[in-house]
Amino acid sequence: MASQSLTAAFLVLVTTISSHLLTSTAAPDPDDYLNAACNATRYPSLCVRSLAGFSRAAAPENPCLWARAAVVVTAVESERVGGYLAGLQRGGRIRGRRARAALADCVECLADAVSELRDALAELRQLQRTTFALQMSNVETWVSAALTNQDTCLDGFAELQGKGAVVSVITSKVLNATHFTSNALALVNKLASTGGTS
């Protein structure tokens, strides 16, 4: 009876170890890398949604992939919002001198933000180990400047809240763009912290 109990215990132990080995040697789920990367951001749910299309890319464990992907989707989102604002400006849908001035400033700020994000992306595409720290400093500066421009746009509409549905829509769209940019900056900072060893 004792030997049967030991045999049963041994079989349980072997099964547990085998299961652990199979689990530990299995290829990681690419989504695990995405979730781990997005944990470093301020808006992880948005991060996961916006970068899900990149989770099956080559080398998903590389923080460079996520930094570049985040800057790409952020530039696209900022350009989309900037286009919406420019359309409002051309259509004359904003009434009131202060609101029109705020919109004009906002269009300029978003255009600057897109330009800065494009500069950041161009730099990320040509990273070199020997100049990594300097290049990443440039990228961080550009993405930070893009976020500052978006915040400046929001500041221009801060005193106009409650002045109509269009103002609310503008604020909502630009605020969402800042969330994208905040996430991109977090992933850029994460890449910079590797020192180019990833």
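Would you confirm whether or not region 74-84 contains a residue that is open to solvent by 30 Å² or more (accessible area, probe 1.4 Å), charged (D, E, K, R) and assigned to a helix (DSSP H, G or I)? Looking for residues that are open to solvent by 30 Å² or more (accessible area, probe 1.4 Å), charged (D, E, K, R) and assigned to a helix (DSSP H, G or I), one finds at least one in region 74-84, hence yes.
Screening GLY87 against (1) open to solvent by 50 Å² or more (accessible area, probe 1.4 Å); (2) over 23 Å from ALA122 (Cα atoms) leaves a single unmet condition, (1). Anything in region 96-120 that is without any contact (Cβ under 8 Å) to a residue 60 or more places away in the chain, in contact with a Phe, Trp or Tyr (Cβ under 9 Å, 6 or more places away or on another chain) and surrounded by 20 or more Cβ atoms within 10 Å (Cβ to Cβ)? List them, or say none. Passing the criteria: ALA102, GLU116. If you go through region 150-198 and keep only what is open to solvent by 60 Å² or more (accessible area, probe 1.4 Å), part of a helix (DSSP H, G or I), farther than 21 Å from SER115 by Cα and in contact with a helix residue (DSSP H, G or I) (Cβ under 7 Å, 6 or more places away or on another chain), you end up with just LYS190.
The values are calculated or read from the model by the stated rules, or taken from the named source; none is laboratory data. The structure presented is a predicted model; accordingly, all values stated were derived computationally and were not measured. Positions of Cβ are generated from backbone atoms using ideal geometry, with glycine treated the same way; all protein chains shown enter the neighbour counts. Heavy atoms of the whole protein, side chains included, go into the accessibility calculation; ligands, DNA and RNA do not. Shrake-Rupley method; radii C 1.70, N 1.55, O 1.52, S 1.80 Å.
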